[in-house]
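Below is one structure; the comments refer to it alone.
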Amino acid sequence: MKNYQNPKGTYDVSPEMAAKYQQLEGTLESLAHFYGYEEIRTPIFEDTGVFKRENDSSDMVNKEMYTFSMNGKDSFTLRPEGTAGVVRSYVQNKMYANADQPVKMYYYGPMFRHEHPQKGRYRQFEQFGIECIGAKSPMLDAEGIALGYSMIKTLGLSNVRVRINSLGDDESRKNYRAKLTEYFRPHAEELCADCKRRLEQNPLRILDCKVDADNPVMKDVPLISDSLNEPSKEYFREVLACLDALVIPYVIDPKLVRGLDYYTDTVFEVENITGKAGAQATVFAGGRYDGLVSYFGGPEVSGFGFAMGMERLILLAEDEGVKLDEKPKTDVYVMSLGNVGTKPLELATEARALGYITDFNYAPRSLKAQFKTVDRLDAKITVIAGESELAEGKVNIKNNRTKEQVTVSLEDYADTLDEMMEDILNETDSL
Ligand code: HAM
């Protein structure tokens, strides 16, 4: 008789635990739908090259991947994360040709990393992730972070802090790499063996090193903020302004670089601040990636996303003494006409605050294209944020069931949405 145990760094999900996972998954899924995201499922293993991209210097790729071959020729890897597979699928399936960009997708499932197992760190773990691919706008970065943040809040959790930084564009990072190399080179002998390699391959990774975290040489390390060029600074300022508008609290952490190589501009991590999480405090994290779609042979378009560790989320709930239970579903589409700034995002946010599943148009697009989006979404109400109406403090709201449209002042926006939605729901009930 042989006594087998589950492999180190894995765990069984008991039926009791499974119910918790299902509830969590349901809540996160409905919130993702609320923000206009749809599910994508990609294979659990991919060609190794999907993850092991040229010159990748991350620990995840170089040390932690479960890679295998069944015929001695083809090499496959169990996915260590979701982003690369989703971007591979976006390119392979030519999603960049869809009329509506960005394509907003979420995924849920197991990831595999050969790490040193400890509390909150496993070799097989579950991630809920989102990717918003095909467009670049500070509003999308802020909306993504706001989605993750609202997931935490909807679950009744509160002890988290958003840390954010910008890695800038290619030029800014090139400048920064040069500065770091110049700074670290005279101290090479004081660094750990891995960091000596990182110094040659990608000195940014040194900032992420657990071994050298307390090394005195880290104290006066140059900061990326001093290497950002003007467009990168401006982009970052706009992301922060959007977060301010959404009332998401954050701290700027100029040393945050993240452990994966594909990030550009915005990077962020949201951590458990109950003080009980130890070293594995990050609940969800992500950022923007400009080069990944083109790396896989797609167009030069950008993406943004994050992934949330389910085990870390459950730990946060335990740390806060919160029982995880079930929660909520988009009814409104905000169109934009002319130069209306961030108003569509603000109006969408107000509608979401009223509990409506809402999406919005973020970039100049023809009215026809926007109406097509409304049709595809089958939105119950269309809000039309027009430049001339907004200049007079007004907005148009259309009941898509009766086709009636009213122009109301911004002060009456929320009340009108509520009344219209009530009419629509009453009518649906009487059918
Ligand atoms: P990441 O920071 O490597 O990013 O992982 C995201 C989250 O997954 C972490 O914050 C943590 O909650 C969880 N996690 C990571 N490793 C483990 C582990 N060994 N055990 C338990 N939980 C873990 C990514 O994976 C990126 N793909 C995120 C992203 C999406 N960036 C853009 N889009």
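Computed quantities for the displayed model
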{"read-out": "Burial order of peptide ranges 288-296, 82-90 (average beta-carbon count within 10 Å, highest first)", "value": "82-90, 288-296"}
{"read-out": "Which of M335, A369, T416, positive extreme of dipole for the range 332-430 (C-beta unit charges)", "value": "A369"}
{"read-out": "Ratio of the Cα radius of gyration of the range 332-430 to 2.2 N^0.38 Å, where N counts its residues", "value": "0.99"}
{"read-out": "Cα-Cα over 32 Å, subset of K63/K323; K52/K323; K210/K233; K52/K136", "value": "K63/K323; K52/K323"}
{"read-out": "Sites E64 and K368 - FRET efficiency at Förster radius 41 Å, r taken between beta-carbons, to 0.05", "value": "0.25"}
{"read-out": "Cα-centred dipole magnitude for the range 254-351, charges only on beta-carbon of K, R (+1) and D, E (-1), debye, nearest 20", "value": "80"}
{"read-out": "Gain upon complete extension [S75, V322; 0.36 nm per residue less C-alpha separation]", "value": "84.6 nm"}
{"read-out": "Mean Cβ count within 10 Å, highest first, over the residues of peptides 402-412, 341-351, 137-147, 273-283", "value": "137-147, 341-351, 273-283, 402-412"}
{"read-out": "Principal axes of the chain: Cα extent on each, largest first, Å", "value": "71, 63, 46"}
{"read-out": "Dipole of the chain, positive end: most advanced residue of A84, G386, A97 [Cβ charges, Cα centre]", "value": "A84"}
{"read-out": "Residues in the range 141-170 reached by a label modelled at S294 [backbone nitrogen below 16 Å; 7 Å Cα→Cβ]", "value": "168-170"}
{"read-out": "Shape of the range 7-46, Cα gyration tensor, a/c cut at 1.5", "value": "oblate"}
{"read-out": "Length gained when the stretch N229-Q5 is fully extended (0.36 nm per residue, less Cα-Cα span)", "value": "75.3 nm"}
{"read-out": "Geometric extent, Cα atoms of the range 203-260 - Rg, Dmax (angstrom)", "value": "13.9, 39"}
{"read-out": "Euclidean distance between Cα centres, the range 321-399 to the range 100-137, Å", "value": "27"}
{"read-out": "Globularity index of the range 1-143, i.e. its alpha-carbon radius of gyration over 2.2 N^0.38 Å", "value": "1.20"}
{"read-out": "Å³ per residue enclosed by the Cα convex hull of the range 67-135", "value": "105"}
{"read-out": "Tally of Lys pairs whose C-alpha atoms are under 16 Å apart, taken over the range 332-430, 8 or more apart or cross-chain", "value": "7"}
{"read-out": "Using distinct alpha-carbon pairs, which all enter the 1/r mean, Kirkwood radius of the range 231-337 in Å", "value": "16.7"}
{"read-out": "For the range 332-430, size of Cβ-based charge dipole, Lys and Arg +1, Asp and Glu -1, in debye", "value": "680"}
{"read-out": "J(HN,Hα) series, the range 145-160, from Karplus relation 6.51 cos²θ - 1.76 cosθ + 1.60, nearest Hz, glycine and proline x", "value": "5, 4, 4, x, 5, 5, 4, 4, 5, 5, 6, x, 9, 9, 7, 10"}
{"read-out": "Ordering of 233-242, 36-45 by packing [mean C-beta count within 10 Å, highest first]", "value": "233-242, 36-45"}
{"read-out": "Against the rule of thumb 2.2 N^0.38 Å, how large the Cα Rg of the range 191-290 comes out", "value": "1.19"}
{"read-out": "Calculated FRET value between A391 and R41, using beta carbons and R₀ = 51 Å, to 0.05", "value": "0.65"}
{"read-out": "Estimated FRET transfer efficiency when R0 is 56 angstrom, pair A193-L425 (beta carbons, to 0.05)", "value": "0.30"}
{"read-out": "Net charge dipole size for the chain [Lys, Arg +1 and Asp, Glu -1 on Cβ; Debye, nearest 20]", "value": "1520"}
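Here, each number is a calculation from the coordinates, and none is a lab measurement. Here the structure is a predicted model, which means the values were calculated and not measured. A quick note on method: Cβ atoms are made from the backbone with ideal geometry, for glycine too, and the neighbour counts reach across all protein chains shown.
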